[in-house]
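**Q** Dropping a structure here in structure tokens format, bear with me for questions.
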Amino acid sequence: APGSATTDHVTPTHCPYCALQCGMGLVRGAGGVEVVERPAFPVNGGALCGKGRTAPAVLSSRVRLTEPLVRSRVSGELEPAGWDEALDRIAEGFARVRGEHGADACGVFGGGGLTNEKAYALGKFARVVLGTSQIDYNGRFCMSSAAAAGTRAFGLDRGLPFPLADVARTGCVILVGSNLAETMPPALRYLTELKENGGTLIVVDPRRTRTAEQADLHLAPRPGTDLALALGLLHLVVAEGRTDEAYIEERTTGWEEARAAAMAHWPEYVERVTGVPVPQLRDVVRLFCDAEHAMVLTARGPEQQAKGTDTVSAWINLCLATGRPGRFLSGYGCLTGQGNGQGGREHGQKADQLPGYRKLTDPAARAHVAGVWGVDPDSLPGPGRSAYELLDALGRDVKSLLLMGSNPVVSAPRAAHVEERIRSLDFLVVADVVLSETARLADVVLPVTQWAEETGTVTNLEGRVLLRRRAVDPPGGVRSDLEVLHGLASRLGHGEKFPVVAEEVFEELRRASAGGVADYSGISYGRLREGDGEGVFWPCPQEGEGTQEEGTHRGTPRLFLERFATEDGRARFVAVAHRDSAEETDAEYPVVLTTGRVLSQYQSGAQTRRVEELNAAAPGAFVEVHPRLAARLRVADGEAVAVVSRRGRVVVPVRVTSGIRADTVFMPFHWPGEGRANTLTHPALDPVSRMPEFKVCAVRVERVERV
Ligand code: SF4
């Protein structure tokens, strides 16, 4: 456990990893930076998981990058270089590509871990300095389906429209495709409290995860069938007369079409598709509808599918039909994954968006943001390719790429193909803290500061804007991403538009977001430093004549209590129907592969694989296999198998467990090389969100003689 905050020299800040953004204190001790508890921060109350507790190890890792690397034109190897040489080379590279192939041949790829200021500056850099439409980020691979479904239902996407603490006080939670006991362990306390308060926890997951073990009822549908499951539940809600007709009448539109679509999904059909018995479906409806307050929370399971948006819409429809969203202690929410997964999608690093969650195609939005940026609205490019489509276009239409805060060689679907596309680039620039698998392929690698070495804001999964404070000096030779963008912009003629001080960037971001959906204009660093640093929930418009410069609005912990963010104030049902996954099993590939995370690693593992304690706990990839499948394959626990899909083959040890469906295998995706799960995954994209189908593909499993 972390120590206690007993000294005056504690810097209150937040974990660098997941979207819970646990509060922690950092102390400089003789042995380096130490983590101490910060019990006053409400979200985690001082608790941290092993990832957060060991995060300082990455600050002083012996593999930390501390000088720029430039690929030698002679040896072809990455060699140390000065900052001026590296930045000159990058500026020349982009200028050359732009001159030869046009602005859209320059690509930018960001990340959901970047601070709000960095995400904002990166989007502005792409559109103002490079003039390219080709910018997207790895958050597209994370929660974009929930964002799209939330927007079309409620007119606004904020992961949770209520504080996480409401989860403990509601009556029934259906948790769909989230293993938060491993991905964000301190959040488990809310589910424990829910049950202690007499509430019911229903978990939907093809695996009996540590989270599912806590459930009163665990449903284990076949991967890729969550949409049918939600429709079957809605069918039963209607058939059993459990709809909230007054709410539907007053607060929604589109019910008749959604109702008709659900009624076409008979429970017996849903049982055949999902493998979930009808009596279990009836139990869910009874428990959910009997509760005075109830909520559905989704995560990557239903979202990372080529029908992810419709799947989330189906769960939202269930909530709307039973009168939950916009009511106290009730509703629908998404458990966003990455550290700044929420803020990362609000400030303009998405292919189709401008700061304030504005649409890039909206003339008024373009005019407003262009005014803040001091450019002609007509000079702003239109929407570009989504993340996978951008990666797929590398070396073809997109010749050069600036990559910040992402490691797609490990984390992108169909990763061998993506790696090949990255290798085919004319020019690749990666800014990172270590030499990630993607950075190894770069022409220029820039060593950048990380969380505890810089100040910036993040927005957690509740829409709570938080201040991460600099606690230690970065190693010599390292610069911040903001300094990198300033240095490049200066060389390309726009340096004055790119401040290097995070607070100055935030002040501009406030103005750019003003009047948008995600309005930060009433939030300031001063306000974020107040009290126990519990943060401010957006939207927080600047209004009133309060004594503070930023006005009187105190932020919005709970959304939609009076109206939804749609034009008419009503939530919209969306009629959806079940459909097959992009790749169903067949005789050649008879098993479903689903992918996910483990307790001691985070995302592509670029940071956590460099932490000894985490590596000892989770040293490498594996595949979970049901005992019946293991017997058929004649493999025992720990023996090697090849997992083969139409896109590639990996070799990993087997973990035999009865906690998974017999028709399904599971692989975590944190590792590169022979155990890279994303070698196998399918890049089929959701038509609305452009989310790839990480959670479902067809594989065969073969016994091999070695790991
Ligand atoms: Fe908290 Fe997530 Fe960091 Fe763990 S990884 S300490 S759950 S923010």
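**Q** With a Förster radius of 30 Å, plug the Cβ-Cβ distance of residue 704 and residue 61 into 1/(1 + (r/R0)^6) and report the FRET value to the nearest 0.05. Write out the running numbers ahead of the final one.
**A** Working: r = 33 Å, r/R0 = 1.11.
So, using R0 = 30 Å, E works out to roughly 0.35.
**Q** Could you work out the local net charge near residue 286, counting Lys and Arg as +1, Asp and Glu as -1, over the other residues with Cβ closer than 15 Å to its Cβ?
**A** Values: positive: 242, 282; negative: 216, 240, 283, 290, 292.
Taking every other residue near residue 286 into account, the sum is -3.
**Q** Here's another thing I want to ask about it. For residue 340, what is the net charge nearby, where nearby means another residue's Cβ is under 11 Å from its Cβ and Lys, Arg count +1, Asp, Glu -1? Display every interim value, and only then the final one.
**A** Numbers: positive: 118, 345, 468; negative: 117, 346.
In short, +1.
**Q** Can I ask one more? Taking amide H atoms as placed 1.01 Å from N in the peptide plane, list the residues 5 or more away in sequence, or in a different chain, whose amide H sits under 5 Å from that of residue 625.
**A** So residue 625 has HN proximity to 655, 656, 657.
**Q** Still on this model: Within 10 Å, count the other beta carbons around each residue, average over each peptide in 622-630, 234-242, and list them highest first. Please list the in-between numbers first.
**A** Details: 622-630: 20.3, 234-242: 18.1.
Top of the packing list down: 622-630, 234-242.
**Q** Through the Karplus equation 6.51 cos²θ - 1.76 cosθ + 1.60, θ set to phi - 60°, convert the phi angles of region 42-49 into ³J(HN,Hα) values in whole Hz; use x for Gly and Pro.
**A** Those phi angles translate into x, 5, 10, x, x, 6, 9, 8 Hz.
**Q** If we sort 36-48, 104-116, 687-699, 53-65 on the protection proxy, mean other Cβ atoms within 10 Å, highest first, what's the order? Numbers along the way, then the final one.
**A** Details: 36-48: 20.2, 104-116: 27.2, 687-699: 25.1, 53-65: 17.5.
Highest to lowest by the protection proxy: 104-116, 687-699, 36-48, 53-65.
**Q** Follow-up. Net charge within 9 Å of residue 703 by Cβ-Cβ distance, Lys/Arg positive one each and Asp/Glu negative one each, not counting residue 703 itself?
**A** On the way: positive: 634; negative: 639, 702, 705.
Here the count lands on -2.
**Q** While we're on this one: Between rounded, prolate and oblate, where does region 591-703 land on the alpha carbon gyration tensor, with a ≥ b ≥ c its root eigenvalues, rounded for a/c under 1.5, else prolate if a/b exceeds b/c? Mind showing how you got there, number by number?
**A** Details: a/c = 1.77, a/b = 1.04, b/c = 1.70.
Since a/c reaches 1.5 but b/c is at least a/b, the shape of region 591-703 is classed as oblate.
**Q** For the chain, just the Cα atoms, rotate onto the principal axes and tell me the three extents in Å, largest first.
**A** 71, 68, 55
**Q** Follow-up. Determine the alpha carbon to alpha carbon distance for each of 118/359; 51/307; 51/695 and list only those over 28 Å.
**A** Exceeds cut-off: 51/307.
**Q** Defining a contact as two alpha carbons under 8 Å apart and six or more residues distant in sequence, what relative contact order in percent does region 5-98 show? Numbers along the way, then the final one.
**A** Details: 113 pairs, mean separation 15.5, N = 94.
Here the relative contact order equals 16 percent.
**Q** Then there is this: Need one word for region 144-335: rounded, prolate or oblate. Basis is the Cα gyration tensor (sqrt eigenvalues a ≥ b ≥ c); a/c below 1.5 gives rounded, then a/b vs b/c decides. Spell out each step's value before the answer.
**A** Details: a/c = 1.31, a/b = 1.15, b/c = 1.14.
Since a/c stays below 1.5, the shape of region 144-335 is classed as rounded.
**Q** So for the pair residue 658, residue 378, with labels modelled 7 Å out along Cα→Cβ, what separation do we get in nm?
**A** Here the answer is 7.2 nm between the modelled labels.
Throughout, read-outs are computed from the coordinates displayed, never taken from laboratory work. Remember, it's a predicted structure, so these values are computed and weren't measured experimentally. For neighbour counting, all protein chains shown are included, and Cβ atoms are generated from backbone atoms with ideal geometry for every residue, glycine included.
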